[in-house]
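Visitor: One structure, pasted below without further comment.
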Amino acid sequence: MTPPDEHPRRTRLAPELASATAELSASGVSSPRVDAELLAAHVLQVPRGRLILIDAIRADEAERLRELVTARADRIPLQHLLGTAAFRHVELAVGDGVFVPRPETELLAGWGIERTTPGATVVDLCSGSGAIAVSVADESPAGRVIAVERSAEALPWLRRNVTPYANKVLIVEGDVTDPELLSDLHGQVDVLLCNPPYVPDGTPVPPEVSDHDPAEAVFGGADGLSVIRPVIALAGALLKSGGSVGIEHDDVHGAAVPDLLRADGRFTEVTAHEDFTGRPRYATARRR
């Protein structure tokens with residue numbers, strides 16, 4: 001019987017990270033070094049910041065890292081490979097069938113959280129993974145958060161992510177373009193937030209989006225506003241007097257969405273907001 005190897009073969013981590021970074025850069029990944037380090041931290045089950053303390057890794061760990069790097073180079077989303085997406089102060093489970101939340105949506109969520117008072121009713125339309133709903137439940141004094149999603153593929157991810165907040169978050173399976181949606185809550189909602197599909201049809205998007213994000217969570221019709229229009233109408237019906245609405249939109253909609261809010265006639269204090277890069281990203285208003 002061959003005795004077990006007491007000294008497993010090891011390989012230096014630094015060259016592995018350098019090779020991974022070069023491979024990801026060549027494939028067009030926008031943040032190759034960061035992605036390489038996050039994948040390494042995932043394999044080694046350590047925080048990314050501790051990688052600097054690690055000189056060598058086992059051969060099987062190096063092999064697993066190379067497999068993940070190859071998958072990332074094929075433009076499989078980093079979050080799918082990690083199994084989670086960081087969003088504000090929470091980690092969300094994500095994978096096939098659900099839109100991966102983006103950092104810019106954290107701004108909309110933060111805006112809504114700041115306007116949520118104790119016991120408030122908050123509605124998150126087009127909830128997807130539940131990023132906004134979970135953040136509101138996690139950070140705000142809201143009394144209840146209602147997360148609305150219609151996709152059969154996204155709903156299992158949403159249910160999984162809201163499980164720790166089941167006493168505060170209610171999931172409603174429904175279509176935000178249905179004017180009768182949540183009709184029992186007309187005039188009772190304090191804050192309504194929505195990150196809808198808003199990319200105009202035919203707009204070029206990265207492979208991570210075109211090949212892995214659900215198209216119905218990305219594209220919003222010829223002008224990108226086919227879902228936003230009914231969302232504004234629904235917000236007018238659901239919000240109580242003085243209630244707040246925030247809607248994320250494409251960077252080409254910096255004027256269009258505020259104009260739609262004003263044209264509705266039920267909103268005041270219409271404001272356009274930019275994202276981290278200074279591009280138009282979401283619009284907010286208050287119910288008259």
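Visitor: So Phe276 ticks every box in (1) under 30 Å from Arg72 (Cβ atoms); (2) buried (at least 22 other Cβ atoms within 10 Å of the Cβ); (3) aromatic (Phe, Trp, Tyr) but one. Which box is left unticked?
Guide: (2)
Table: residues versus (1) over 26 Å from Leu261 (Cα atoms); (2) of a type outside the set (Val, Ile, Thr).
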| site | (1), (2) |
| --- | --- |
| Gly143 | yes, yes |
| Arg159 | yes, yes |
| Leu170 | yes, yes |
| Val176 | no, no |
| Cys194 | no, yes |
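Visitor: What single numbered condition from (1) more than 16 Å from the chain's Cα centre (by Cα); (2) surrounded by 21 or more Cβ atoms within 10 Å (Cβ to Cβ); (3) farther than 15 Å from Ala120 by Cβ fails to hold for Gly174?
Guide: Gly174 satisfies every listed condition except (2).
Visitor: Can you say whether Pro156 is assigned to a loop (DSSP other than H, G, I, E, B), touching a Gly at 6+ places or on another chain (Cβ under 9 Å) and at pLDDT 95 or above, as far as the supplied structure shows? So that I can check it myself, show each step before the final result.
Guide: Values: assigned to a loop (DSSP other than H, G, I, E, B): no; touching a Gly at 6+ places or on another chain (Cβ under 9 Å): yes; at pLDDT 95 or above: yes.
In short, no.
Visitor: Please determine whether any residue of the stretch 82-93 is farther than 30 Å from Glu16 by Cβ, among the small types (Gly, Ala, Ser), at pLDDT 95 or above and surrounded by 17 or more Cβ atoms within 10 Å (Cβ to Cβ).
Guide: No; the residues of the stretch 82-93 include none that is farther than 30 Å from Glu16 by Cβ, among the small types (Gly, Ala, Ser), at pLDDT 95 or above and surrounded by 17 or more Cβ atoms within 10 Å (Cβ to Cβ).
Visitor: Out of Gly221, Gly236, Gly265, I need the residue that is more than 24 Å from the chain's Cα centre (by Cα), surrounded by 15 or more Cβ atoms within 10 Å (Cβ to Cβ) and modelled with pLDDT of 95 or more. Which one? Outline the logic, then answer.
Guide: On the way: Gly221 fails: more than 24 Å from the chain's Cα centre (by Cα); Gly265 fails: surrounded by 15 or more Cβ atoms within 10 Å (Cβ to Cβ).
The match here is Gly236.
Visitor: Being loosely packed, with under 14 Cβ neighbours inside 10 Å, under 25 Å from the mean Cα position of the chain (by Cα), over 30 Å from Arg150 (Cβ atoms) and of a type in the set (Ser, Thr, Tyr) narrows it down to one of Ser25, Ser30, so name that one. Let's see the steps before the verdict.
Guide: Working: Ser25 fails: loosely packed, with under 14 Cβ neighbours inside 10 Å.
Result of the check over Ser25, Ser30: Ser30.
Visitor: Say we look at the stretch 186-212 and pick out the residues that are outside any strand (DSSP E or B) and touching a Ser or Thr at 6+ places or on another chain (Cβ under 7 Å); which of these is surrounded by the most Cβ atoms within 10 Å (Cβ to Cβ)? Spell out the reasoning first.
Guide: To start, the set of residues in the stretch 186-212 that are outside any strand (DSSP E or B) comprises 186-188, 195-198, 200-212.
Adding the requirement that they be touching a Ser or Thr at 6+ places or on another chain (Cβ under 7 Å) leaves 188, 195.
On the way: Gln188: 13, Asn195: 25.
So, considering only residues that are outside any strand (DSSP E or B) and touching a Ser or Thr at 6+ places or on another chain (Cβ under 7 Å), the one surrounded by the most Cβ atoms within 10 Å (Cβ to Cβ) is Asn195.
Visitor: Give the residues of the stretch 55-77 that are under 23 Å from Val94 (Cα atoms) and of a type in the set (Lys, Arg), sorted by residue number.
Guide: Initially, the stretch 55-77 is screened for residues under 23 Å from Val94 (Cα atoms), giving 64-77.
Correct list: Arg64, Arg66, Arg72, Arg75.
Visitor: Across the stretch 241-288, what is the total count of residues that are on the phi > 0 side of the Ramachandran plot and small (Gly, Ala, Ser)? Talk me through it step by step, then tell me what you get.
Guide: Just the residues of the stretch 241-288 that are on the phi > 0 side of the Ramachandran plot, to begin with: 242, 265, 269, 278.
Cutting the leftovers down to small (Gly, Ala, Ser) gives us 242, 265, 278.
Matching residues across the stretch 241-288 total 3.
Visitor: Assigned to a loop (DSSP other than H, G, I, E, B) and within 30 Å of Arg33 (Cβ to Cβ), is that true of Ser135?
Guide: Values: assigned to a loop (DSSP other than H, G, I, E, B): no; within 30 Å of Arg33 (Cβ to Cβ): yes.
When the stated conditions are applied, Ser135 does not pass them.
Visitor: What is the one condition in (1) within 30 Å of Ala235 (Cα to Cα); (2) among the hydrophobic types (A, V, I, L, M, F, W, C); (3) touching an Asp or Glu at 6+ places or on another chain (Cβ under 8 Å); (4) free of Cβ contacts under 8 Å to residues at least 24 places away in the same chain that Leu44 does not satisfy?
Guide: So the condition that Leu44 fails would be (1).
Visitor: Only residues in the stretch 60-78 that are surrounded by fewer than 18 Cβ atoms within 10 Å (Cβ to Cβ) count as the first member; pair them with residues that are among the basic types (Lys, Arg) and in a helix (DSSP H, G or I), Cβ under 8 angstrom, at least 6 apart or cross-chain, and list the lot.
Guide: Close Cβ pairs (under 8 Å, with a partner that is among the basic types (Lys, Arg) and in a helix (DSSP H, G or I)) do not exist here.
Visitor: Could you list, in sequence order, all residues of the stretch 250-288 that are β-branched (Val, Ile, Thr) and outside any loop (DSSP other than H, G, I, E, B)? Working first, answer last.
Guide: Initial filter on the stretch 250-288 (β-branched (Val, Ile, Thr)): 252, 257, 268, 270-271, 277, 284.
The answer is Val257, Thr268, Val270, Thr271, Thr284.
Matching residues to (1) aliphatic (A, V, I, L, M); (2) touching a Pro at 6+ places or on another chain (Cβ under 8 Å); (3) touching a residue at least 12 places away in the same chain (Cβ under 8 Å):
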position	(1), (2), (3)
Leu108	yes, no, yes
Thr116	no, yes, yes
Thr121	no, no, yes
Ala137	yes, no, yes
Ile146	yes, no, yes
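The values are calculated or read from the model by the stated rules, or taken from the named source; none is laboratory data. Treat the numbers as computed from the prediction; the structure is a model and nothing was measured. In this analysis, Cβ positions are derived from the backbone assuming ideal geometry, glycine residues included, and neighbour counts consider all displayed protein chains.
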